[in-house]
Ligand code: FAD
């Protein structure tokens, strides 16, 4: 069982708990993006087990009439084992998502994985003519080119600042520079992505940028934030009519995810400390 201090950021260990969390969110106008925690498997059995868990999750979402989709990490379904294992498992998940009409997001990991992830995604999203989305990272110098490649491909792109510490040969490492790139890429997407733009950020500045660009270009957009982060803002945006998605991790590998959230922000550490003391 997940201790109360971690339950701010993780919906539970079981899919049933995660689906229940989505129901309460849906009541507030927010949709869910479900992510089974797990990454960097080098044993194919683990990649197969999580692929099977996602197939079952897709069926559960389809049958429960909730507003939710899924998001999968490439190294969770075999990318560290080999590109072929990853492609086979992603194909199974994409096919099931298309069959049950459940949207499938693909997270992006560090820069060494970008080519394989992009190639597998593009192949599948073209085959299914949509129903899938891919995350791209503003800190990578290549991302403008990758966006141009995907602009006329069916499917969505979630643009984020980038969570991985990348070498300066391939990435902008200065935070202000990343923010400037993020703005430019968002502007490009509102101009060029007719099917919509997904902003994966808690940053109030870029939520406003998206709102202004939507007014200017009419391009549909959605804001995606993590469970446990700026929850009131998620509800407020949804009440204003913005499409808001909450990224909801669940599963028994919650500790390292929770630890990352606590380390990245002082307020989260204080929250955890208060919960232990009280
Ligand atoms: P930051 O630059 O961290 O902060 C900017 C401002 O946002 C802060 O000054 C504050 O006002 C506000 N803010 C930020 N965090 C908090 C907080 N905890 N509480 C209150 N206010 C806060 N990265 C990847 O590399 N690959 C992925 O696949 C990926 N998927 C993601 C999916 C979603 C839905 C989200 C939200 C993020 C994802 N990320 C991913 C992470 C992303 O790259 C960033 O590392 C992360 O979102 C932090 O950047 P930020 O834009 O939220 O704001």
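Return the residues of region 209-231 that are within 10 Å of the ligand (Cβ to nearest atom) and over 23 Å from residue 54 (Cβ atoms); say none if nothing qualifies.
Correct list: 223, 229, 230, 231.
Taking region 87-111 as the region of interest, how many residues are away from the ligand (no atom under 16 Å from the Cβ), surrounded by 19 or more Cβ atoms within 10 Å (Cβ to Cβ) and part of a loop (DSSP other than H, G, I, E, B)?
Residues in region 87-111 being away from the ligand (no atom under 16 Å from the Cβ), surrounded by 19 or more Cβ atoms within 10 Å (Cβ to Cβ) and part of a loop (DSSP other than H, G, I, E, B): 1 in total.
Report whether or not residue 146 is away from the ligand (no atom under 11 Å from the Cβ), more than 17 Å from the chain's Cα centre (by Cα) and part of a loop (DSSP other than H, G, I, E, B). Before the answer, list the steps.
Numbers: away from the ligand (no atom under 11 Å from the Cβ): yes; more than 17 Å from the chain's Cα centre (by Cα): yes; part of a loop (DSSP other than H, G, I, E, B): no.
So residue 146 does not fit the description; no.
State all residues of region 117-156 that are closer than 25 Å to residue 173 by Cα and surrounded by fewer than 17 Cβ atoms within 10 Å (Cβ to Cβ); if no residue qualifies, say none. Give the derivation first.
Of region 117-156, the ones closer than 25 Å to residue 173 by Cα are 117-118, 134-150.
Listed by number, the residues that qualify are 141, 142, 144, 145, 148, 149.
For region 13-26, state whether one or more residues are crowded, with 18+ Cβ neighbours inside 10 Å and within 19 Å of residue 96 (Cα to Cα).
Yes, region 13-26 contains a residue that is crowded, with 18+ Cβ neighbours inside 10 Å and within 19 Å of residue 96 (Cα to Cα).
Could you say whether any residue in region 246-260 is free of Cβ contacts under 8 Å to residues at least 12 places away in the same chain, more than 19 Å from residue 30 (Cβ to Cβ) and either within 15 Å of the ligand (Cβ to nearest atom) or buried (at least 16 other Cβ atoms within 10 Å of the Cβ) (or both)?
Checking region 246-260: at least one residue is free of Cβ contacts under 8 Å to residues at least 12 places away in the same chain, more than 19 Å from residue 30 (Cβ to Cβ) and either within 15 Å of the ligand (Cβ to nearest atom) or buried (at least 16 other Cβ atoms within 10 Å of the Cβ) (or both).
From the residues in region 168-179 that are in contact (Cβ under 8 Å) with a residue 24 or more places away in the chain and away from the ligand (no atom under 11 Å from the Cβ), which one is surrounded by the fewest Cβ atoms within 10 Å (Cβ to Cβ)?
The selected residue is 173.
Take the conditions over 12 Å from residue 151 (Cβ atoms), within 13 Å of the ligand (Cβ to nearest atom), surrounded by fewer than 18 Cβ atoms within 10 Å (Cβ to Cβ) and within 20 Å of the chain's Cα centre (by Cα) and apply them to residue 205. Does it pass?
Working: over 12 Å from residue 151 (Cβ atoms): yes; within 13 Å of the ligand (Cβ to nearest atom): yes; surrounded by fewer than 18 Cβ atoms within 10 Å (Cβ to Cβ): yes; within 20 Å of the chain's Cα centre (by Cα): yes.
Yes.
Every residue in region 126-143 that is closer than 17 Å to residue 90 by Cα and either within 11 Å of the ligand (Cβ to nearest atom) or not in a strand (DSSP E or B) (or both), please.
Residues of region 126-143 that are closer than 17 Å to residue 90 by Cα, as a first pass: 126-135.
126, 127, 128, 129, 130, 131, 133, 134, 135 - these are the residues of region 126-143 that are closer than 17 Å to residue 90 by Cα and either within 11 Å of the ligand (Cβ to nearest atom) or not in a strand (DSSP E or B) (or both).
Given 12, 97, 38, which one is closer than 23 Å to residue 126 by Cα and touching a residue at least 12 places away in the same chain (Cβ under 8 Å)?
Details: 12 fails: closer than 23 Å to residue 126 by Cα; 38 fails: closer than 23 Å to residue 126 by Cα.
None of the others qualify; the one that does is 97.
Can you pull out the residues in region 232-245 that are within 12 Å of the ligand (Cβ to nearest atom) and in contact with a strand residue (DSSP E or B) (Cβ under 9 Å, 6 or more places away or on another chain)? Let's see the steps before the verdict.
Quick first cut of region 232-245, residues within 12 Å of the ligand (Cβ to nearest atom) only: 232-234, 244-245.
Of everything in region 232-245, those that are within 12 Å of the ligand (Cβ to nearest atom) and in contact with a strand residue (DSSP E or B) (Cβ under 9 Å, 6 or more places away or on another chain) turn out to be 233, 234, 244, 245.
Of all residues in region 61-83 being in contact with a strand residue (DSSP E or B) (Cβ under 9 Å, 6 or more places away or on another chain) and either in a loop (DSSP other than H, G, I, E, B) or more than 16 Å from the ligand (Cβ to nearest atom) (or both), which is farthest from residue 120 (Cα to Cα)? If you could, list the steps in order and put the result at the bottom.
Restricting attention to region 61-83, the residues satisfying the condition of being in contact with a strand residue (DSSP E or B) (Cβ under 9 Å, 6 or more places away or on another chain) are 61, 66-74, 76.
Pick out the ones that are also either in a loop (DSSP other than H, G, I, E, B) or more than 16 Å from the ligand (Cβ to nearest atom) (or both) and you get 61, 66-67, 73.
Working: 61: 24, 66: 28, 67: 26, 73: 13 Å.
The residue in question is 66.
Bear in mind these aren't lab numbers, they're just calculated from the coordinates by the rules spelled out. What you see is a predicted model; the values in this text were computed from it and never measured. With ideal geometry, Cβ positions are generated from the backbone for all residues, glycine too; neighbour counts draw on all protein chains shown.
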